[in-house]
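Peer 1: Quick one: the structure is below, questions incoming.
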Amino acid sequence: MIRTDKTVSDLQIAYIGGGSKGWAWGLMSDLATEKQLSGQMRLYDIDQDAAKANETIGNQLTASDDTLAKWKYTMETSLQEALTGADFVIISILPGTFDHMEIDVHHPEKYGIYQSVGDTAGPGGLMRALRTIPMFETIAKAIKDYCPDAWVLNYTNPMTICTRTLYKVFPEIKAFGNCHEVFGTQKLLVEALADIKGIEDVAREDIKVSVTGINHFTWLTAASYKDMDLYPIYKEFAEKYYESGFEGKKSGNWLNDFFSSAQRIKFDLFLRYGYIAAAGDRHLAEFCPSKWYLKDLETIKSWKFSLTPVSWRKENEQERINKSKQLVSGESAFEIKETGEEGVLQMKALLGLGDLVTNVNLPNQGQVPYLPSNAVVESNALIRHNSISSISGGTLNPAVTSMIAKHSANQEMIVEAGLTGNRDLAFQAFLNDPLVNLSLEDAKECFDYMYEHVSSVD
């Protein structure tokens with residue numbers, strides 16, 4: 001790495017999951033417009049063809065006249081090659097295949113358990129975690145061996161469990177988890193300002209929030225714009241749109257977009273508990289008792305959000321594969337556009353190119369006082385040269401903290417079960433999940449089938 005007061009060159013980034021046709025392309029785009037950084041991106045993926053394609057796409061992007069920063073992209077064939085000497089490590093992998101995820105998400109439907117995402121909580125989140133933990137154990141050991149001083153940015157779900165595994169295996173690791181769900185809630189607060197107060201053209205970054213909780217079940221204890229408290233405005237907004245739901249100018253329609261909602265669950269939780277839930281409705285629903293929002297298809301429809309079928313994910317994957325081929329061949333041109341993610345800003349801050357306050361997932365050192373020490377939690381943090389300092393998001397009432405604590409305890413059980421292969425402990429976590437409202441007999445039958453197919457598909 002070569003540093004001046006305003007730039008860093010010859011930066012070495014290892015990308016685990018470097019065949020990604022989502023996060024990787026987004027990172028390439030963000031790096032292409034960043035004047036202060038340049039270097040090498042080493043792409044490692046068990047799908048070497050996909051990583052090789054991204055090597056070609058990345059180097060074509062670097063050669064473009066529209067690219068401000070020049071990066072060299074190389075496909076590496078081993079973790080050792082990718083990691084040795086890395087300054088940063090990005091982890092963005094798909095644990096298993098969409099055939100595995102199809103069982104995670106849809107097998108529980110035979111027992112009346114519906115999951116809107118299936119990658120963090122519920123039976124699907126548990127099975128995905130059990131499949132992912134051994135992979136992250138391997139990654140953590142490799143980072144310890146080949147680049148122990150690197151900063152590690154994790155984007156893989158289940159976020160909390162993946163990040164916790166890294167620290168359990170390599171306690172000295174410098175890792176944190178990134179999630180953009182809070183950003184979506186800041187954008188909703190921008191919409192509330194426009195709708196209730198007529199204040200337009202506010203940037204998401206200008207909404208200041210205090211963050212607490214765990215990933216995908218995150219809460220805001222305070223929110224402001226300049227010197228304006230946004231809580232009363234959000235209350236009026238939630239009451240106004242509680243029944244009808246709210247779909248903003250820039251958001252999709254929940255009826256034809258699997259990733260959109262009418263925000264009714266957020267509004268319901270706010271009016272019930274008095275705090276702003278800061279994740280998408282699809283995620284929030286899975287952390288609550290099954291009868292609340294996911295009881296049946298009619299209930300889901302009434303709350304105006306969608307289940308994301310794995311069949312759609314498979315179709316989308318094929319579209320991305322086709323797009324990759326078109327980019328490699330030159331049939332299509334890579335479109336450079338800002339993603340709104342903060343990974344590049346975080347790296348710049350860690351390199352001493354400007355401080356940043358943003359939400360991250362880190363082991364609890366008191367920033368979330370109602371959860372145990374070292375459990376991975378989500379809060380704001382101050383990121384500056386070679387350091388991250390967590391910022392307390394304050395406290396919530398017992399009704400909310402008890403729900404969060406139950407999931408946090410379950411996550412600890414799941415990490416232990418995944419690292420030790422303890423099937424009984426995994427079943428205890430399965431039974432403890434709020435979506436699993438089953439008899440012991442049915443729960444055992446559902447769990448056994450899913451557990452047997454965690455890493456294999458008939």
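No lab work stands behind these numbers, since they all come straight from the coordinates. Bear in mind that the values here come from a model prediction, so they are computed numbers and not experimental data. When we count neighbours, we look across all protein chains shown, and the Cβ atoms used for this are built from the backbone with ideal geometry, even at glycine.
Peer 1: Report, ordered by chain and residue number, the lysines lying within cross-link reach of residue 110, taken as a straight Cα distance under 17 Å and ignoring same-chain residues fewer than 8 apart.
Peer 2: List returned: 291, 295, 444.
Peer 1: What is the range 7-118's relative contact order, in percent, from Cα pairs under 8 angstrom and six or more apart in sequence?
Peer 2: 31
Peer 1: While we're here: Assign one of three labels to the chain, namely rounded, prolate or oblate, based on the Cα gyration tensor with a ≥ b ≥ c the square roots of its eigenvalues; rounded applies when a/c is under 1.5, prolate when it is not and a/b is larger than b/c, and oblate otherwise.
Peer 2: rounded
Peer 1: Related question: For the chain, what's the relative contact order in percent, using C-alpha pairs closer than 8 Å and at least 6 residues apart?
Peer 2: 17
Peer 1: Moving to a separate point now. Taking a threshold of 22 Å on the Cα-Cα distance, which of the pairs 197/266; 266/406; 168/208; 226/348 fall above it?
Peer 2: Over 22 Å Cα-Cα: 168/208; 226/348.
Peer 1: Also: Within 10 Å of each residue's Cβ, count the other Cβ atoms and sort 135, 41 from fewest upward.
Peer 2: 135, 41
Peer 1: Under 17 Å Cα-Cα from residue 240, which aspartates and glutamates qualify once same-chain neighbours fewer than 8 residues away are excluded?
Peer 2: Partners found: 191, 195, 268.
Peer 1: Follow-up question, since we're still on this one. If R0 is 30 Å, what FRET efficiency do you get for residue 66 and residue 201 from their C-beta distance, rounded to 0.05?
Peer 2: Working from the Cβ atoms, E equals 0.65.
Peer 1: Then there is this: Along its three principal axes, how long is the range 231-356 when you only count alpha carbons? Whole Å, largest extent first please.
Peer 2: Cα spread of the range 231-356 along its principal axes, largest to smallest: 51, 42, 27 Å.
Peer 1: Would you order 47, 424 from fewest to most other beta-carbon atoms within 10 Å of each residue's own beta-carbon?
Peer 2: 424, 47
Peer 1: Here is a follow-up. Dipole of the range 280-371, Cα-centred, from +1 at each Lys and Arg C-beta and -1 at each Asp and Glu C-beta, to the nearest 20 debye?
Peer 2: Dipole of the range 280-371, to the nearest 20 debye: 260 debye.
Peer 1: Follow-up question, since we're still on this one. What aspartates and glutamates does residue 141 reach when the alpha-carbon gap must be under 19 Å and sequence neighbours fewer than 8 apart in one chain are set aside?
Peer 2: Once the sequence-local aspartates and glutamates are set aside, what remains near residue 141 is 45, 76, 81, 87, 149, 172, 416.
Peer 1: Still on this structure: Name the residue from 67, 399, 163 whose Cα lies farthest towards the positive end of the charge dipole of the chain, charges +1 on Cβ of Lys and Arg and -1 on Cβ of Asp and Glu.
Peer 2: Working it through, the farthest residue towards the positive pole turns out to be 399.
Peer 1: Please state the charge dipole magnitude for the chain, taken about the Cα centre, from unit charges on C-beta atoms (+1 on K and R, -1 on D and E), reported in debye and rounded to the nearest 20.
Peer 2: Here the chain has a charge dipole of around 660 debye.
Peer 1: Which residue, chosen from 241, 300, 19, occupies the Cα position most advanced towards the positive end of the dipole of the chain, where the dipole is computed from +1 (Lys, Arg) and -1 (Asp, Glu) charges on Cβ about the Cα centre?
Peer 2: 241
Peer 1: Another one. Provide 92, 392, 38 in ascending order of the number of other Cβ atoms located within 10 Å of each residue's Cβ, fewest first.
Peer 2: Lowest count first: 392, 38, 92.
Peer 1: So for the pair residue 4, residue 249, with labels modelled 7 Å out along Cα→Cβ, what separation do we get in nm?
Peer 2: Distance between label points: 4.0 nm.
Peer 1: For the range 164-219, with only Lys/Arg (+1) and Asp/Glu (-1) charged at the beta-carbon, what is the dipole magnitude about the Cα centre, in debye rounded to 20?
Peer 2: The calculation lands at about 420 debye.
Peer 1: Which shape class, rounded, prolate or oblate, goes with the range 1-71 when its Cα gyration tensor gives a ≥ b ≥ c as root eigenvalues, a/c under 1.5 marks rounded, and past that a/b bigger than b/c marks prolate?
Peer 2: Here the range 1-71 falls in the prolate category.
Peer 1: Antiparallel as a % of all DSSP beta bridges within the chain, to the nearest 5?
Peer 2: Beta bridges within the chain, antiparallel portion: roughly 55 percent.
Peer 1: A further question follows. Work out how much length residue 48 to residue 445 would gain on full extension: take 0.36 nm times their residue separation and subtract the Cα-Cα distance, in nm to one decimal.
Peer 2: 139.2 nm
Peer 1: Still on this structure, I have one more. Need one number: nm distance between label points at residue 242 and residue 333, each 7 Å from Cα along Cα→Cβ, rounded to one decimal.
Peer 2: 5.1
Peer 1: Let me ask something additional. Using the charge dipole of the chain (Lys, Arg: +1 at Cβ; Asp, Glu: -1 at Cβ; taken about the Cα centre), state which of 450, 89, 44 has its Cα farthest towards the positive end.
Peer 2: About the Cα centre, the residue reaching furthest to the positive side is 89.
Peer 1: Once you mark the GluC sites (Glu not before Pro) that are in a DSSP loop and have at most 14 other Cβ atoms within 10 Å, what is the longest gap between them in the chain?
Peer 2: The answer is 1-171.
Peer 1: Which value in deg cm²/dmol, rounded to the nearest 500, describes the helix-derived mean residue ellipticity at 222 nm for the chain, given -39,500 (n - 2.57) per DSSP H run of n ≥ 4 and division by the residue count?
Peer 2: -13500 deg cm²/dmol
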